Amino acid sequence: QVQLVESGGGLVQPGGPLRLSCAASGSIFKIYAMGWYRQVPGKQRELVASIASNSNTNYATSVKGRFTISRDNAKNTVYLQMNSLKSEDTAVYYCNADLQKAAIFGVTGYWGQGTQVTVSS
């Protein structure tokens with residue numbers, strides 16, 4: 001059993017910061033890429049940022065320069081530091097991890113349950 005548990009969402013004023021965390025637990029052999037996605041009602045889930053096992057990062061154009069993704073491999077945890085938040089960043093944020101449960105298994109993607117981020121005055 002593998003679980004991804006997000007934390008850190010909430011209500012923040014425009015221009016403010018917020019930090020999301022996502023911890024993976026359970027039967028895990030190796031984690032490859034980890035990432036954050038977001039979704040608003042009526043729209044497709046979109047990639048916000050991703051980080052490879054070698055720490056190479058990728059960002060959506062809309063968040064470049066404002067958001068920073070990082071990971072702690074010892075804790076199987078990925079973070080998303082969000083600064084200069086805008087109302088259009090309001091969404092449910094989901095954590096994703098591509099991992100192997102054991103060396104004999106292939107790589108499978110897992111999702112967290114989502115955490116609401118609301119940017120409003």
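Given a 10 angstrom Cα cut-off, can you work out which residue in ALA24, ALA91, ALA103 is the most mobile in a GNM of the chain? The residue with the greatest mean-square fluctuation here is ALA103. Across segment 33-91, the mean sequence separation of Cα contacts (distance under 8 Å, 6 or more residues apart), normalised by length, yields a relative contact order of 27 percent. The ratio of the alpha-carbon radius of gyration of segment 43-113 to the globular-protein estimate 2.2 N^0.38 Å is 1.22.
Given +1 at the Cβ of Lys and Arg, -1 at the Cβ of Asp and Glu and no other charges, the dipole of the chain around its Cα centre is 100 debye to the nearest 20. Taking all protein chains into account, the per residue accessible area for segment 27-121 stands at 53 Å² (1.4 Å probe). Between segment 45-72 and segment 2-38, the C-alpha centres lie 12 angstrom from each other. Taking the protein heavy atoms of the chain in the context of the full set of protein chains, the accessible area attributed to carbon and sulfur is 48 percent at 1.4 Å.
The values are calculated or read from the model by the stated rules, or taken from the named source; none is laboratory data. This structure is a prediction, so every number in the text was calculated from the model and none was measured. Counting neighbours? That spans all protein chains shown, and the Cβs are built from the backbone with ideal geometry, glycine included. Areas reflect the complete protein model, heavy atoms only, side chains present, ligands, DNA and RNA absent. Shrake-Rupley method; radii C 1.70, N 1.55, O 1.52, S 1.80 Å.
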